[in-house]
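Let me begin by presenting the structure, written as structure tokens, before commenting on it.
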Amino acid sequence: MISRSILLPLLFAAVTVTTYSAPTLTAPSNPTSFVIRRGTNISHWLSQDFGWAPREKWFTEKDVRFIAEQGFDHIRLPVDEKELWLLDGRPNADEFKRLVTAIEWCRKAGLRVIVDLHTLNSHHFNAANEGLKITLWTDPAAQEHLLTLWRDLSRELRHFPVDLLAYEVLNEPVADDPEDWNKLFAKCYTMLRGAEPNRVLVVGANRWQMPENVPFLKVPEGDKAIILSFHTYAPMLLTHYKADWVPTKVYTGPVSYPGPVVDAATFAHLTKDYDEGLKNQIGNASENWGQARLRQEYEPAIRRARELGLQLYCGEFGCLPTVPRAARLAYYRDIVGIFDSENIAYANWEYMGDFGVYEWLGLKDLCGKPDKKLLRILAPRK
């Protein structure tokens, strides 16, 4: 999730990547059975629970029915190690039961589910801003522990049909070398395919699942039960306008969409005063943003998915309600229009929260009424 996160991405030069040869395993028998198009993220529940509301009230079966009634066909369900496992490493039986119950709610309502392992004790996508240290890429024990977590999840969830439930191995991996993530994913893939040969697996590229990094992701040859995932919050100065958890919070002047997010004079002033890292974060704010520029952002991922013949999925995108209303809705219309025209499945960040599909009233009052106009953009009824 970049909504409460943004690290400064180091972009890689485009290279030609060859796939690795996966171990010989039973091929998925029905790789197209898990079909998704429009979804939403269930945040701040079993992942990044900030204590805004009791867990049993924040997300309920009533919410699942509401999501289905709007026209969504799936939810992305983030889970954290610290929420589902005890300090001694054992699964927390009560929270695993909560997870299983939520999937049952979805089955009853006709929604599919992607269970996304969002943060680990050894890996957080926003480690630098959270004062945490990532040890996943250097500690073999931490890597083995990731496999153990998925063994636990698989043991508890494998009874669910493959056309209902998919697994996302790790949210927004952040390794200095993309090969570190490729090698670790290969280990996870081998273990999960051995346990559940037909389960659909969702995998995103290194460095926050940014679309330009998808060409660096290595996936097994011939396995069509894989969904390629990317996340996008570009342009950041627009989508995270006035967010208090990103460095761009210092700018509170006007923003616009479509077109340049800020005028040329403002952009020159901002980039003059900011350090190099922040320049990388807002360096595209002066460009002419609209559907064409947004699609350009996703082109590396679109091209790679076509080359591999795999479904492409945007698992996170969003724009804060601090952005002027007309500009915010225009952004959502454009991005969803691209996804639909390019056959990209998607899940907006988020169902409830400051990016959510309900009116955001702040931390005291939380969520108000459903935003009907936004919902009709994200899940237009036929």
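The values are calculated or read from the model by the stated rules, or taken from the named source; none is laboratory data. Quantities reported herein were computed from a predicted structural model and do not represent experimental measurements. Cβ atoms come from the backbone with ideal geometry, glycine included; neighbour counts cover every protein chain shown.
For the stretch 148-175, the set of residues classified as of a type in the set (Val, Ile, Thr) and touching a strand residue (DSSP E or B) at 6+ places or on another chain (Cβ under 9 Å) consists of VAL169, VAL174, listed by residue number.
Looking across the stretch 217-236 at every residue that is over 22 Å from LEU117 (Cβ atoms) and modelled with pLDDT of 95 or more, the one that is surrounded by the most Cβ atoms within 10 Å (Cβ to Cβ) is identified as PRO235. Say whether the condition of being surrounded by fewer than 23 Cβ atoms within 10 Å (Cβ to Cβ) and of a type in the set (S, T, N, Q) is met by at least one residue in the stretch 182-197. Yes, the stretch 182-197 contains at least one residue that is surrounded by fewer than 23 Cβ atoms within 10 Å (Cβ to Cβ) and of a type in the set (S, T, N, Q). Within the option set GLU172, GLU168, being acidic (Asp, Glu) and on the phi > 0 side of the Ramachandran plot holds for one residue only, GLU172. Being among the charged types (D, E, K, R), at pLDDT 95 or above and not in a helix (DSSP H, G or I) is a property that ASP163 has. Taking each residue of the stretch 58-75 that is more than 16 Å from ARG107 (Cβ to Cβ) and looking for partners that are among the acidic types (Asp, Glu) with beta-carbon atoms closer than 9 Å, six or more apart or interchain, yields TRP58/ASP49. The number of residues in the stretch 44-93 being within 21 Å of ASP354 (Cβ to Cβ), in a strand (DSSP E or B) and not basic (Lys, Arg) comes to 5.
For the residues GLU156, GLU144, GLU95, GLU83, the requirement of being among the charged types (D, E, K, R), over 13 Å from SER47 (Cβ atoms) and either touching a residue at least 24 places away in the same chain (Cβ under 8 Å) or surrounded by 16 or more Cβ atoms within 10 Å (Cβ to Cβ) (or both) singles out GLU156. Of the residues in the stretch 14-35, not one is surrounded by 14 or more Cβ atoms within 10 Å (Cβ to Cβ), modelled with pLDDT of 95 or more and among the aliphatic types (A, V, I, L, M). Scanning the stretch 300-358 for residues that are without any contact (Cβ under 8 Å) to a residue 24 or more places away in the chain and of a type in the set (S, T, N, Q) returns a single hit, SER341.
Among LEU170, LEU132, which is in a loop (DSSP other than H, G, I, E, B) and farther than 28 Å from PRO197 by Cα?
LEU132
One residue stands out in the stretch 215-234 among those that are assigned to a loop (DSSP other than H, G, I, E, B) and among the β-branched types (Val, Ile, Thr): the one that is farthest from TYR298 (Cα to Cα), namely VAL219. Residue selection: PHE267 satisfies the criterion of being modelled with pLDDT under 95 and of a type in the set (Phe, Trp, Tyr).
Total residues in the stretch 300-328 satisfying the condition of being among the hydroxyl-bearing types (Ser, Thr, Tyr) and surrounded by fewer than 19 Cβ atoms within 10 Å (Cβ to Cβ): the figure is 1.
Conditions (1) in contact with a Phe, Trp or Tyr (Cβ under 6 Å, 6 or more places away or on another chain); (2) more than 30 Å from ALA68 (Cα to Cα); (3) small (Gly, Ala, Ser); (4) at pLDDT below 95, marked per residue:
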| position | (1), (2), (3), (4) |
| --- | --- |
| ARG107 | no, no, no, no |
| ASN126 | no, yes, no, yes |
| ALA142 | no, yes, yes, no |
| LEU147 | no, yes, no, no |
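Only one entry of VAL255, VAL261 meets the criterion of being of a type outside the set (Ser, Thr, Tyr), more than 28 Å from GLU168 (Cβ to Cβ) and touching a Pro at 6+ places or on another chain (Cβ under 7 Å), and that entry is VAL261. Restricting GLU179, GLU212 to those that are under 25 Å from ALA292 (Cβ atoms) and assigned to a helix (DSSP H, G or I) reduces the list to GLU212.
Note on the stretch 98-141: residues that are surrounded by 17 or more Cβ atoms within 10 Å (Cβ to Cβ) and free of Cβ contacts under 8 Å to residues at least 40 places away in the same chain amount to 2.
Looking at GLN281, is it under 26 Å from ARG325 (Cα atoms), polar (S, T, N, Q) and surrounded by fewer than 17 Cβ atoms within 10 Å (Cβ to Cβ)?
Considered against the rule, which asks whether it is under 26 Å from ARG325 (Cα atoms), polar (S, T, N, Q) and surrounded by fewer than 17 Cβ atoms within 10 Å (Cβ to Cβ), GLN281 comes out as no.
Looking across the stretch 359-368, just one residue is within 16 Å of ALA243 (Cβ to Cβ) and without any contact (Cβ under 8 Å) to a residue 24 or more places away in the chain, and that is GLY362. The lone criterion from (1) at positive phi; (2) touching a helix residue (DSSP H, G or I) at 6+ places or on another chain (Cβ under 9 Å) left unmet by GLY222 is number (2).
For (1) closer than 24 Å to ARG333 by Cβ; (2) under 19 Å from the mean Cα position of the chain (by Cα), each residue gets a yes or a no:
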{"site": "VAL219", "(1), (2)": "no, yes"}
{"site": "ILE227", "(1), (2)": "no, yes"}
{"site": "PHE230", "(1), (2)": "yes, yes"}
{"site": "PRO235", "(1), (2)": "yes, yes"}
{"site": "HIS240", "(1), (2)": "yes, yes"}
{"site": "LYS249", "(1), (2)": "no, no"}
{"site": "TYR257", "(1), (2)": "yes, no"}
{"site": "VAL262", "(1), (2)": "yes, no"}
{"site": "PHE267", "(1), (2)": "no, no"}
